[in-house]
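As structure tokens, the structure follows; a few thoughts come after it.
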Amino acid sequence: MRTWSRLLLIVCLLPGVAAAEVAETFELQADSPSGITSNTAIDVIAHGKDSTGVWLVTGRGLNYSFDAGLSWYECSVNNGLYSENLSAIYSTGDTLWVAGTHEEMISGSLTSLSDGLEYSDDNGATWTRINFGPDGLDIKYVWGGDRTIYDIDGHYDEGFLDCRSSGDDVDWLFFTAFAGGLLASQDGGQNWRRIFRTQGDSVEFNSPVTPSFHNRYFSCAVDTSHGDSLFLWAGTAGGVKQFVFVPPSQKGNPYLHWVNRVAFCDTCSGDVPSTLFVGGDRGLSIGTLAGRPFSTKFDMNGLGGQEVTALTNIGEYLLVGTIDTVTDVADLVVSTDQGESFTPLHEFTSEGSVADFAVLRDRLYIAGREAGLYVSLDTAQSDLTRVMVRTDDSSAAINAVNAVWAMGDTLLLGTDSGYVELRLDSLGDTLSTFHQYYPEDLNYSSSRITRVKPQYLVDTLGQVDSVAIWTVHHPLGEGGSPIVGRARWVTDSTGTYFDTAHFQVQTVTYDVNFYGDTAFVVGHEGIRFTTFGYNPDRTFHANQYQDTLVIASLDGDTVTTVEVRGDTIVFGSHDGVAISHDAGRTFNIVRGLTDTLQEDLGIRYNYFGSNRGLAGDFIPALGIQYQDPGEPALVWASCRPGEYGGTGLSVAEYRPVTDTLGDTIGTTLVWQNVLPDVYAWNFAFVGNSVFAATNWGLLLHNGERDADTLVSEWQTIPLYDSASGEAMVDPETAVIGVAVVDSFLWVGTDDGTVRIKLDSLGVQQLFARSDLGTAADEVYAFPVPFRPGQGQHLDFHFVVEQAGYVTLEIYDFAMKLVARPIDNIYHAAGAYPDGSHQGISWDGRNGRGDEVAVGVYYFKVEYESGETRWGKLAVIP
């Protein structure tokens, strides 16, 4: 919740409209052990562990009441609060968060320094400070100058992490810290990370330059009206930033990084791009050959395990092999609806997991690694039968099958003992066996074969004239070397023999595939290829282009798998997939996205980018107004001039986009400036009604609108006493805070805090107040920032404890005297302004009558007693 100025506390009761009542006044004893610690409240919030109370944020800690103002208690350094000069507050469940600052004279300048965050789980009885320092979270630029935390917001999101079977809730927290940036937490604030909309924002933040306007954060608001997604709106000095966080299953990018297998859809056809299945370290992602969007299925969706080890699509059946990375239990599951749901088929209770599939004469063969080779007569719908390569010893290395391919009537197998060919009859019985053993040799080969694929070579007429068998080898232990093997059957004068070649020795390879005469080999060295059957040592670049510029590439990736169908080539890597539809000339690269703190969509709106609907680029306050269930919320923004634009209140709403036939094809966000020349420090909402705390008073909009725009008619709610009819707060006094707590609207001004009954809003209301003494050390200027070029005048709040002469002087950043608005003028004891009139103001001009430059200034209040008080202000264009 935002905090921007200081308020003198006033507690009052607003009676109903039907029967006017004399307002009830709450008197506080000066010697009470608990009570008001400061007359200036800068924000109001509802919070309570067992019941809801009203909490006031001040420059001297917190005040809170659980009986609507009858009695008050305090939180200060005396009960563990680290900082009493508070700048922001937020309530979530039993936890109350606050941000604080303190001021120091640094190099002759009064500087405001951020003290970071602290929280309480017991209604303020004890406090814990988050350690952002080197001995804690070690996050720079949270503590110190120009890092005041202006806003905190969050949301407890049940089931957001739908990739988990348990522990899937997210306790979101966000805070904006001016030049300190935007930080986020997903565990209720125990761990934090700075987040950025673009990589350029990150680079700028971590370089020794002054942040751009759009990297200076003032406000934030969480929006939960968009289904399972969470929207975060952040106000900066350069417009509004929108961050969209989507649950893992719906991210658009595959929610995985290491891709183990890729499969095409056999039954997909028509005008829409064919479905693409991507299996990897965290589940099964399902997209199209056009790329995004992808959805992802996890073990709790029926996969049986977290990691997909093998994948194939056979007709209507999508077969998926998985392994539970915790228990090492492997499963085989099937889907008949393209991955929407899964049915378990077989659990590998012993060692092994599904590594590969092949179909020969309508029989499904499954390579199960250490579990062996299995066959099914009905696509694994019934029990699997094990096929023994060596029948006399089931534990022999040759019976550990890692790869299988069907070629004619022969199964090509990759085993822990090399290469095997099984020629089968029509009943599936073995007619003959060929075994090519590869020894474990550091400089030559290794025995375990993890991929087997034939390359069909054609003559000039397009007829197959020979077949090359490519194999991928991995060592069984420390004695072998990873290689790529290429072999073929040769018949010459000496007879027929299996001729082998050893390529890519000591280079880790994961897969091989072919496009015509070209063989692609992929692994730790990326993508290599050959077009002549020799060593595949030429580098292939899978690049994505924008015009002629390479904007993404698999160069530098560990490439894990490759699939080819027609002119479509798909590479999987340790971080996503690359898809080509033109035989590898160009690619669309889709990266994996498993970072749930990286936004799935980020947009920046500014004055020009919103077609001037966003009144100005500097956004000190944001508010979310929820609509009917299922409808997107309205986003309210207080706007001031930044790099561009002016002053005004703007609202954004999603509107339908239609095609030429009038059919809705989507939505678009439209900003409107609904109240020019006014800005707000805070918003509150009751149904369709909007309350805006502004320098022009408390404004109310009833929410009525026509078909195209919000009606820009606002009314000012006067603050006056029902008994006397006199104004309790000068009509020219700024309203800074507004919040709904139970059945009351609490309104904070520069001269008081007022409590209003909600059941009679919209009609002239009745107020009463009880004045309290103001702390002598509280001085401030308002409004800040100050814009003299727009005709504003600056007022000064200070307290005179003993009647006497007062001088107020203004200094620039170099501590040179600029102006003396109060020059040794007699003041009676009391707080100034005193509520009946504004105090002596400053027009932003120096002693020569010239308008001062934009920047930071300091002012000093000097009393006849010799005491001085310092304050700080800012002048903007």
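Per the conditions (1) surrounded by fewer than 23 Cβ atoms within 10 Å (Cβ to Cβ); (2) touching a Gly at 6+ places or on another chain (Cβ under 9 Å); (3) among the aliphatic types (A, V, I, L, M), the sole criterion not satisfied by Leu137 is (2). The condition (being at pLDDT 85 or above and surrounded by 24 or more Cβ atoms within 10 Å (Cβ to Cβ)) is satisfied by just one residue among Gly80, Gly48, Gly100: Gly100.
Okay, residues lined up against (1) touching a helix residue (DSSP H, G or I) at 6+ places or on another chain (Cβ under 6 Å); (2) in a loop (DSSP other than H, G, I, E, B); (3) at pLDDT below 95:
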residue	(1), (2), (3)
Val278	no, no, no
Thr309	no, no, no
Thr312	no, no, no
Thr327	no, yes, yes
Leu345	no, no, yes
Val354	no, yes, no
Tyr365	no, no, no
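Of the residues Asp115, Asp122, Asp135, the single one that is charged (D, E, K, R) and over 20 Å from Gly180 (Cβ atoms) is Asp122. Screening Ser212 against (1) more than 30 Å from Asp121 (Cα to Cα); (2) crowded, with 23+ Cβ neighbours inside 10 Å leaves a single unmet condition, (2).
Looking across segment 461-480, just one residue is surrounded by fewer than 20 Cβ atoms within 10 Å (Cβ to Cβ) and among the hydroxyl-bearing types (Ser, Thr, Tyr), and that is Ser466. In segment 385-409, what residues are among the small types (Gly, Ala, Ser) and in a loop (DSSP other than H, G, I, E, B)? Ser394, Ser395, Ala396, Ala400, Gly408 - these are the residues of segment 385-409 that are among the small types (Gly, Ala, Ser) and in a loop (DSSP other than H, G, I, E, B). Taken together, Arg386, Arg390 contain a single residue that is touching a strand residue (DSSP E or B) at 6+ places or on another chain (Cβ under 7 Å) and either in contact (Cβ under 8 Å) with a residue 24 or more places away in the chain or surrounded by fewer than 18 Cβ atoms within 10 Å (Cβ to Cβ) (or both), which is Arg386.
Counting only strands (runs of 3 or more DSSP E) wholly contained in segment 520-609, the ones carrying 3 or more residues that are surrounded by 13 or more Cβ atoms within 10 Å (Cβ to Cβ) and either out of contact with any Asp or Glu (no Cβ under 8 Å at 6 or more places or on another chain) or modelled with pLDDT of 95 or more (or both) occupy 526-530, 543-546, 559-565, 568-573, 576-580, 588-590, 601-605. Among strands (runs of 3 or more DSSP E) entirely within segment 96-189, having at least 3 residues that are under 30 Å from Tyr811 (Cα atoms) and of a type in the set (S, T, N, Q) singles out 109-120.
Six or more apart or on different chains, Cβ atoms under 8 Å: show the pairs whose first residue is in segment 203-217 and within 16 Å of Val142 (Cα to Cα) and aliphatic (A, V, I, L, M) and whose second is at pLDDT 85 or above and part of a helix (DSSP H, G or I). Taking only residues 6 or more apart or on different chains, not a single pair turns up. Restricted to segment 393-406, and to residues there that are more than 49 Å from the chain's Cα centre (by Cα) and not small (Gly, Ala, Ser), the residue that is surrounded by the fewest Cβ atoms within 10 Å (Cβ to Cβ) is Asp393.
For the structure I just gave you, tell me whether Tyr156 is crowded, with 17+ Cβ neighbours inside 10 Å and either modelled with pLDDT under 95 or not hydrophobic (A, V, I, L, M, F, W, C) (or both). Considered against the rule, which asks whether it is crowded, with 17+ Cβ neighbours inside 10 Å and either modelled with pLDDT under 95 or not hydrophobic (A, V, I, L, M, F, W, C) (or both), Tyr156 comes out as no. Among the residues of segment 75-108, those that are within 18 Å of Arg129 (Cα to Cα) and of a type in the set (D, E, K, R) comprise Glu84, Asp94. When Ser445 is tested against (1) crowded, with 21+ Cβ neighbours inside 10 Å; (2) touching a Pro at 6+ places or on another chain (Cβ under 8 Å); (3) at pLDDT 95 or above, just one condition goes unmet, and that condition is (3). Among the residues making up segment 658-707, those that are hydroxyl-bearing (Ser, Thr, Tyr) and in a loop (DSSP other than H, G, I, E, B) are Thr660, Tyr679. Would you say Gly188 is at positive phi, touching a residue at least 60 places away in the same chain (Cβ under 8 Å) and under 17 Å from the mean Cα position of the chain (by Cα)? Yes, satisfied.
The values are calculated or read from the model by the stated rules, or taken from the named source; none is laboratory data. Note that this is a predicted model, so its numbers are computed, not measured. Positions of Cβ are backbone-derived with ideal geometry, glycine not excepted, and every protein chain shown enters the neighbour counts.
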